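Participant: Sending over a structure as structure tokens; questions will come in a sec.
We did not get these values from a lab; they are worked out from the coordinates using the rules stated. All of these numbers come straight from a predicted model, not from anything done at the bench. Here the Cβ positions follow ideal geometry from the backbone for every residue, glycine too, while neighbour counts run over all protein chains shown.
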Amino acid sequence: MTRAHSLEHKESSGRHQRSKLERLNRALVLLVLVAVVLYAAIVGYMYAKQDTLLYKPSGALPDPKTIGLADVDVISLPMADGVMLTAWSASSAIEGAPTVLFFHGQSGNLGDRADRLREILNNGFGLLAPSYRGFPGSGGEPSEIALISDGLEMFDMLDAEGADIVLHGQSLGTGVAAAVAEQRPDAQLLVLEAPFTATVDVAAERYPLLPVSALMKDQFATRDLINQISVPILIFHGAQDETVPLHHGEALAEMAGDNAQLHVIPNGGHNDLWSHGLWDEVHNTLAQ
């Protein structure tokens with residue numbers, strides 16, 4: 001091979017290598033662009049659908065008398081902004097017994113909590129259990145600001161009637177109940193059933209690759225106010241809770257200090273704490 005042919009061969013080989021590198025770079029750039037577009041699409045979807053992920057109303061609100069709540073009345077409550085809420089209400093059967101202001105969880109409707117409400121009534125307590133905005137029987141759309149505002153209005157309504165009030169929050173409802181307790185220190189007791197430090201913290205654990213703190217509008221940050229609550233607090237959490245892990249309840253109890261009692265239920269999950277004696281502990285505490 002002549003010198004000229006050798007140089008030509010090297011130049012051809014170099015061009016081939018450069019071409020391969022250029023194709024590889026283009027492929028890598030394309031992959032990065034596709035990944036960015038997909039990630040942006042996922043972020044956009046989660047942002048747009050966050051309300052349906054946090055609030056999950058379903059079913060029709062039953063007549064409480066058909067599900068074993070014979071003493072419960074269905075009432076309509078007009079809120080300050082004109083939105084009409086449906087609530088289940090019962091007067092205390094025992095003189096001097098408190099009224100439980102009950103805030104339910106994120107899904108279904110009040111009928112799904114009939115067993116809980118029945119236990120409350122069986123102890124002679126009064127009851128006011130609202131169906132959130134946007135949930136069966138109630139108008140409006142749910143939001144953190146609106147749910148807490150509604151809770152404060154209902155607390156003030158009961159307080160004006162002279163009732164001693166126990167605030168009970170279940171899962172999502174713990175964020176509402178805690179916020180009401182922080183602003184209404186004359187409540188008798190705050191019960192937190194399977195609580196979270198914040199809804200945004202739960203979301204961050206489920207979606208670690210998404211910027212949920214920047215995306216999430218309704219963050220229900222109980223961790224930021226629990227040490228400002230002077231109302232006595234009972235926290236119940238199942239050790240087997242896969243929806244809101246136990247460390248959330250433990251963290252809240254630590255933040256609240258001596259003002260809170262933490263009851264860890266070894267075999268408890270997220271929705272079965274009442275079958276493990278939750279209400280017995282509440283009743284015993286109130287009887288002291």
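Participant: How much of the DSSP bridge set in the chain is antiparallel, in percent, rounded to the nearest 5?
Facilitator: Values: 10 of 35 bridges.
So the antiparallel bridges in the chain amount to around 30 percent.
Participant: Provide the descending list of Cα extents for segment 18-152 along its principal axes, expressed in whole angstroms.
Facilitator: Sorted from largest, the Cα extents of segment 18-152 read 89, 31, 26 Å.
Participant: Full extension from Ala204 to Ser107: what is 0.36 nm times the residue separation minus their Cα-Cα distance, to one decimal in nm?
Facilitator: Values: separation 97, 0.36 × 97 = 34.92 nm, distance 1.99 nm.
Roughly 32.9 nm would be gained on extension.
Participant: Okay, moving on. Counting only helical runs of four or more DSSP H residues, what would the 222 nm mean residue ellipticity of the chain come to if each run contributes -39,500 (n - 2.57) and the total is spread over all its residues? Present the calculation step by step, with values, prior to reporting the outcome.
Facilitator: Details: 9 runs with 122 residues, N = 288.
That calculation yields -13500 deg cm²/dmol at 222 nm.
Participant: Mind jotting down the distance between the C-alpha centroids of segment 171-250 and segment 138-164, whole Å?
Facilitator: First find each Cα centre; the distance between them is then 18 Å.
Participant: Let me check I've understood the local charge: for Gly249, count other residues with C-beta under 11 angstrom from its C-beta, Lys and Arg +1, Asp and Glu -1. What total comes out?
Facilitator: -4
Participant: For the pair Asp51 and Arg26, what calculated FRET efficiency results from E = 1/(1 + (r/R0)^6), where r is the Cβ-Cβ distance and R0 = 35 Å, to the nearest 0.05?
Facilitator: E(calc), rounded to 0.05, equals 0.30.
Participant: Remind me, relative contact order of segment 52-287 in percent, using alpha carbon pairs under 8 angstrom and six or more residues apart?
Facilitator: Value for segment 52-287: 15 percent.
Participant: Also, I was wondering about something else. Which order, highest average first, do 236-249, 83-96 follow once you tally other Cβ atoms within 10 Å for each residue and take the mean per peptide?
Facilitator: Sorting 236-249, 83-96 by mean packing, highest first, produces 236-249, 83-96.
Participant: Starting from 0.36 nm per residue, how many nanometres of slack lie between Asp272 and Ala214 once their C-alpha separation is accounted for?
Facilitator: The Asp272-Ala214 span can extend by a further 17.6 nm.
Participant: Given a Förster radius of 25 Å and the C-beta distance between Gln288 and Gln240 as r, what FRET efficiency does 1/(1 + (r/R0)^6) yield to the nearest 0.05?
Facilitator: 0.30
Participant: Work out the charge dipole of the chain with +1 on the Cβ of Lys and Arg and -1 on the Cβ of Asp and Glu about the Cα centre, then indicate which of Leu53, Leu101, Asn259 is farthest towards its positive end.
Facilitator: Leu53
Participant: On a 0 to 90 degree scale, rounded to 10, what angle separates helix 278-287 from the longest Cα axis of the chain?
Facilitator: 40 degrees
Participant: Tally Lys and Arg at +1 and Asp and Glu at -1 over the other residues with C-beta under 12 Å from the C-beta of Met154: what net charge comes out? Walk me through the numbers before you get to the answer.
Facilitator: Working: positive: Arg184; negative: Asp150, Glu153, Asp156, Asp159, Glu161.
In short, -4.
Participant: Rounded to the nearest 0.05, what FRET efficiency do Leu38 and Met84 give with R0 = 45 Å and r taken as the Cβ-Cβ distance? Could you check?
Facilitator: Calculated value: 0.60.
Participant: For Rg/Rh (Cα atoms, Kirkwood Rh), several values are listed as (i) 1.27; (ii) 0.96; (iii) 1.05; flag the one computed from this structure.
Facilitator: Here Rg/Rh (Cα atoms, Kirkwood Rh) agrees with entry (i).
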